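The structure under discussion appears below in the form of structure tokens.
The values are calculated or read from the model by the stated rules, or taken from the named source; none is laboratory data. Computed from a prediction, not measured in an experiment: that's the story for all the values here. Every residue, glycine among them, receives a Cβ derived from its backbone with ideal geometry; neighbour counts consider all protein chains shown.
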Amino acid sequence: MKWQEMRQLFPNQFVLFSVLEFHQEGTRRFIDEVEPIRAVADEDARTEFDQAGPGKLVYHTSSKVCIIRIRRRKRSRVRRKRTK
């Protein structure tokens, strides 16, 4: 199902869904195909988001496009003691 179809099926609410297809542009993933699991109440959205497994998201259907911003972790540098 396309994101626009999801918006029509679940208007103006949070939805838990599986990501089936996406394309990436730089640090953004644009979600193309989704499989809806269920609607989520506004007060439960944060909890459901935290508990969603890999490949699953909670997103609000008021957004015209479903975009995920990818954060890259900075590599930590380990300093070694210099020996004389």
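Determine whether ASP44 is among the acidic types (Asp, Glu), farther than 21 Å from ILE70 by Cβ and either in contact with a strand residue (DSSP E or B) (Cβ under 9 Å, 6 or more places away or on another chain) or crowded, with 16+ Cβ neighbours inside 10 Å (or both).
Yes, satisfied.
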Suppose the filter is aliphatic (A, V, I, L, M), touching a helix residue (DSSP H, G or I) at 6+ places or on another chain (Cβ under 9 Å), surrounded by 12 or more Cβ atoms within 10 Å (Cβ to Cβ) and modelled with pLDDT of 90 or more; does VAL19 pass it?
no
Of the residues in the range 1-12, those that are surrounded by 14 or more Cβ atoms within 10 Å (Cβ to Cβ) and either on the phi > 0 side of the Ramachandran plot or assigned to a loop (DSSP other than H, G, I, E, B) (or both) number 1
